[in-house]
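**Student:** Take a look at this one; I'll ask things after.
The values are calculated or read from the model by the stated rules, or taken from the named source; none is laboratory data. Bear in mind the structure is a predicted one, so any value in this text is a computation, not a measurement. So basically every Cβ, Gly included, is an ideal-geometry build from the backbone, and we count neighbours across all protein chains shown. Each accessible area value is taken on the protein alone, full model and side chains, heavy atoms only, with ligands, DNA and RNA left out. Shrake-Rupley method; radii C 1.70, N 1.55, O 1.52, S 1.80 Å.
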Amino acid sequence: MEPCGLTYPCTFPVKVFVRPDDEVEVRLESLVRGLLQPEAGLEIERRSSATGKYLCLTMTFVAEDEAHLTRVTSAIVADPGVVLSL
């Protein structure tokens, strides 16, 4: 029987919706990098909504285990500049 869920470590993308604001982007990047190992990579892809009212950041990193993933996603959601996180 195949295991359910994720197998760690694994690459994990988090989509974060914010209003366009350079300070929020810099703060979120710094926040996530602070929760990763110093040598760990972080890829960030940016896409604006059709109207330009929102910005979607796809932040992709390697989650070491479920607790690590929870720490990172909880920290992102708690940021006051985040409108929605998936």
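**Student:** Please list log₁₀ I(q)/I(0) at q = 0.18, 0.31, 0.32, 0.33 Å⁻¹ for segment 1-44, using the Debye equation with identical point scatterers on the alpha-carbon positions.
**Tutor:** After summing over all Cα pairs, the log10 values are -0.68, -1.25, -1.28, -1.31.
**Student:** In addition: Compute the length gained on full extension between Phe17 and Ala75: take 0.36 nm times their separation in residues and subtract their Cα-Cα distance, giving the result in nm to one decimal.
**Tutor:** 19.5 nm
**Student:** Placing +1 at every Lys and Arg Cβ and -1 at every Asp and Glu Cβ, with all other atoms neutral, what dipole size does the chain have around its Cα centre, in debye to the nearest 20?
**Tutor:** On the way: 8 positive and 13 negative charges, 75 e Å.
Around 360 debye, computed over the chain.
**Student:** Could you provide, to the nearest whole Å², the per residue accessible area of the chain with probe 1.4 Å? All intermediate terms of the calculation are to be shown ahead of the outcome.
**Tutor:** Details: 5730 Å² over 86 residues.
Per-residue value: 67 Å².
**Student:** Once you list every other residue whose beta carbon is under 14 Å from the beta carbon of Glu29, what net charge do they have if Lys and Arg are +1 and Asp and Glu are -1?
**Tutor:** Taking every Cβ under 14 Å from that of Glu29, the sum is -4.
**Student:** Ignoring ligands, DNA and RNA, please state the percent of accessible area on the chain from carbon and sulfur, probe 1.4 Å.
**Tutor:** Result for the chain: 55 percent of the exposed heavy-atom area is carbon or sulfur.
**Student:** Could you order the peptides 31-43, 11-23 from most to least packed, using the average number of other C-beta atoms within 10 Å per residue?
**Tutor:** Ranking the peptides 31-43, 11-23 by packing returns 11-23, 31-43.
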